[in-house]
Amino acid sequence: AQSVTQLDSQVPVFEEAPVELRCNYSSSVSVYLFWYVQYPNQGLQLLLKYLSGSTLVKGINGFEAEFNKSQTSFHLRKPSVHISDTAEYFCAVSDFMNYGGSQGNLIFGKGTKLSVKP
Amino acid sequence: DAGVIQSPRHEVTEMGQEVTLRCKPISGHNSLFWYRQTMMRGLELLIYFNNNVPIDDSGMPEDRFSAKMPNASFSTLKIQPSEPRDSAVYFCASSAGTGGRYGYTFGSGTRLTVV
């Protein structure tokens, strides 16, 4: 069965500093990987996704993530954060069968609250 | 596209009352998901539909919860009778297909408070 682990429940960081939000997954088959962002009092928005191809994926608002199959990780990074990046970030995984179909629904991690301080 | 539309945005009700939450998915999306989010338990999948048919309702907490999708453009989540522990934010999401390749689009949520 799939699972997603977000190792940090809260990450405080100062404005303009770099940040990395960690995500590890477990799955016995190939996967699709996602990061979602939830701003206060809003729904979840897709930040970026990895389906195939280049392991470095760029998303909105200057975020990027790197898929590492050997370490089963999909960490999210931003070189310089802004106050407006304060939000909760969710990693999600879905497995698929090798013939290319998409079998599984998204499994979400418990979220990481990013707090950017001035 | 207006995205996934949920109503109401906020609902305050008394314990024992019936509550109905509504969702309009994105046109053309054939999968619909209901989630509940609380501080204690995080994001929980309650039920999902594919082509208007309920596929997995194992996340529905108890018989007080029910969900329907009478057509491709409308779904409801009903709680009867409501209890204070049902207080949470309820999200609806839709997807263009089953599984994760297409990602999910979430609505803005309904914040339910049961007093």
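Coordinate-derived values only; no laboratory data. Bear in mind the structure is a predicted one, so any value in this text is a computation, not a measurement. Note that each Cβ is placed from the backbone with ideal geometry, even for glycine, and that neighbours are counted across all protein chains shown.
Among B:Tyr35, B:Tyr102, B:Tyr48, the residue with the largest mean-square fluctuation in a Gaussian network model of chain B, with springs joining Cα atoms closer than 10 Å, is B:Tyr102. Name the shape class, rounded, prolate or oblate, that the alpha-carbon gyration tensor gives for the protein assembly as shown, where a ≥ b ≥ c are the square roots of its eigenvalues, rounded holds for a/c under 1.5, and otherwise prolate holds if a/b is larger than b/c and oblate otherwise. Oblate, since a/c reaches 1.5 and b/c is not below a/b. The value of relative contact order for the stretch B:1-40, using C-alpha pairs under 8 Å at least six residues apart, is 44 percent. Take each residue of peptide A:34-44, count the partner chain Cβ atoms within 10 Å of its Cβ, and average: the result is 4. By the count of neighbouring beta-carbon atoms within 10 Å, fewest first, B:Lys24, A:Lys113 end up ordered A:Lys113, B:Lys24.
For B:Thr38 and B:Phe74, FRET efficiency with R0 = 45 Å and r from the beta-carbon atoms, rounded to 0.05?
0.95
Residues considered: A:Ala65, A:Ala92, A:Ala17. Largest GNM mean-square fluctuation over chain A, using C-alpha springs under 10 Å, is found at A:Ala17.
Report the number of Lys pairs in chain A whose alpha-carbons are under 17 Å apart, with separation of 8 or more residues or on distinct chains. If you can, show how the numbers build up before the last one.
Numbers: A:Lys49/A:Lys58; A:Lys49/A:Lys69; A:Lys49/A:Lys78; A:Lys58/A:Lys78; A:Lys78/A:Lys113; A:Lys78/A:Lys117.
The result is 6.
Mean separation of Cα pairs under 8 Å and 6 or more residues apart, divided by the residue count, gives chain A a relative contact order of 36 percent. Normalised by the number of residues in the stretch B:41-115, the average gap of Cα pairs under 8 Å and 6 or more apart makes the relative contact order 21 percent.
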